[in-house]
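Heads up: the structure comes next, in structure tokens.
The values are calculated or read from the model by the stated rules, or taken from the named source; none is laboratory data. In this text, all values refer to a predicted model and were calculated from it rather than measured experimentally. Every residue, glycine among them, receives a Cβ derived from its backbone with ideal geometry; neighbour counts consider all protein chains shown. Heads up: the accessible areas ignore ligands, DNA and RNA and are worked out on the full protein's heavy atoms, side chains in. Shrake-Rupley method; radii C 1.70, N 1.55, O 1.52, S 1.80 Å.
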Amino acid sequence: MNKIQMVDLKGQYEKIKDEINAGIQDVIDQTAFINGPKVKEFSEHLSQYLGGIHVVPCANGTDALQIALMALDLKSGDEIILPVHTYVATAEVIALLQLKPIFVDVHPDFFTIDVTQIENKISSKTKAIVPVHLYGQCADMETIMQMALKHKLFVIEDTAQAIGAKYTFSDGREVFAGTIGDIGTTSFFPSKNLGCFGDGGAMFVKNSEMANKCTMIANHGQSVKYQHDVVGCNSRLDTIQAAILDVKLKYLDDYCKARQDAASFYNELLKDVSRINTPKNYNKSTHVYHQYTLILDDSIDRTGLQNFLKEKGIPSMIYYPIPLHKQKAYKENNQWEQFPVTEKLSNTVLSIPIHTEITKSEQSFIVETIKSYLK
Ligand SMILES: *Cc1c(COP(=O)(O)O)cnc(C)c1O
């Protein structure tokens, strides 16, 4: 058996090596390193995949969030609602732009923002909601969009972990994660479900005026060369990365399927383990299992289990061990607030390996090892 990894990028590459290498070689042959034709081609292909929404490429998923917020023309002190159980980037860009992150606890089963708690947090300064489609499934977007309409708020969907997931509205309409709000943002960090060989990111923008604005902000606020209309930044998707992504996009559906199959197999293997809860799939969203995240019963010593797995060559991760409201950088205004679900999750979640190359025998070995620890 190969060494078990959280994500097997080498194995995935081996299967499409010739196509990827040819794509990279083309960029080198053309010396089209910055804004080469592949950046546009990939953006167009991704736009087609997502149903025609404008795709604005940028340097990484954090920049995508930042540029999206910059495009909303907010004032310092404006409030942005987001889940407290998320990767730091979601909160970081808000604080960086002198906006105020307003944390909301998450749903105990689905790990996405608890929509029943959003309205309590809306004030006259609230300008946007940033739901995060955590671990690979969508937040309750229908309710979020209704609230946004009612309170005139923007919606930016952090889709870094859920590209390819689909959300179904109650009228039967099925759409891709990231294409529902005003702007969706994603990351092409290597371990993400559509990952490149370095950094990359993109915004999915409904309205063409807003898409032009995002494009302009990502390019030094420039409309025409050397004419700067707004304060922007320098955030480009590298052409070599675009060439790699253009190949991998063709396999995204297969990658989602492989992760879903692996998740079903884990569910099956773990179904009689009463002290472990397997991830629940929210019925309005497909799940693309960026992570397969277990909730351990309080009686399980998580550190002990992690060490035991490690001794047997099995990696595991905690996403995320310290909730954002308790982080030094973000606790000033929030440390006395109670987020009981997030606090419990931070102590009880454990993500085990899931990726496109994982085999049934690896999964069986992982689950047997977990079971032997619990005995
Ligand atoms: C990965 C990630 C980001 C940031 O993406 P980068 O490309 O690493 O900047 C933002 N939000 C979430 C939820 C993520 O998982």
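List of remarks:
- Of all residues in segment 181-192, those being more than 10 Å from the ligand (Cβ to nearest atom) and open to solvent by less than 10 Å² (accessible area, probe 1.4 Å) number 3.
- Candidates are the residues of segment 134-146 that are open to solvent by 20 Å² or more (accessible area, probe 1.4 Å) and touching a strand residue (DSSP E or B) at 6+ places or on another chain (Cβ under 9 Å); the one that is nearest to the ligand (Cβ to nearest atom) is Asp140.
- Residues that are in a strand (DSSP E or B) and among the acidic types (Asp, Glu) do occur in segment 144-161, at least one of them.
- Pair list, Cβ under 9 Å, 6 or more apart: segment 7-26 residue free of Cβ contacts under 8 Å to residues at least 12 places away in the same chain, other residue open to solvent by 30 Å² or more (accessible area, probe 1.4 Å) and part of a helix (DSSP H, G or I): none
To keep it simple, each residue is scored yes or no on (1) out of contact with any Gly (no Cβ under 6 Å at 6 or more places or on another chain); (2) open to solvent by 20 Å² or more (accessible area, probe 1.4 Å); (3) more than 30 Å from Ser316 (Cα to Cα).
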position	(1), (2), (3)
Asn2	yes, yes, no
Ile24	yes, yes, yes
Ile34	yes, yes, yes
Pro37	yes, yes, yes
Gly51	yes, yes, yes
Ile67	yes, no, yes
Gly77	yes, yes, yes
Val88	yes, yes, no
Gln98	yes, yes, yes
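- When Lys213, Lys166, Lys225, Lys150 are screened for being open to solvent by 20 Å² or more (accessible area, probe 1.4 Å), closer than 20 Å to Ile81 by Cβ, of a type outside the set (Phe, Trp, Tyr) and away from the ligand (no atom under 16 Å from the Cβ), only Lys150 passes.
- Pair list, Cβ under 8 Å, 6 or more apart: segment 59-73 residue among the charged types (D, E, K, R), other residue more than 8 Å from the ligand (Cβ to nearest atom) and at pLDDT 95 or above: Asp63/Ala218; Asp63/Cys233; Asp63/Ser235
- Residue match in segment 25-37 (condition: over 17 Å from Cys196 (Cα atoms), within 16 Å of the ligand (Cβ to nearest atom), at pLDDT 95 or above and assigned by TED's automatic domain parsing to the domain that holds Asp158): no
- Out of Val115, Val130, one residue alone is under 11 Å from Ile81 (Cβ atoms), in contact (Cβ under 8 Å) with a residue 24 or more places away in the chain and surrounded by 20 or more Cβ atoms within 10 Å (Cβ to Cβ). It is Val130.
- Taken over segment 315-331, the criterion of being closer than 26 Å to His355 by Cβ and open to solvent by 70 Å² or more (accessible area, probe 1.4 Å) is satisfied by Met317, Pro321, Ile322.
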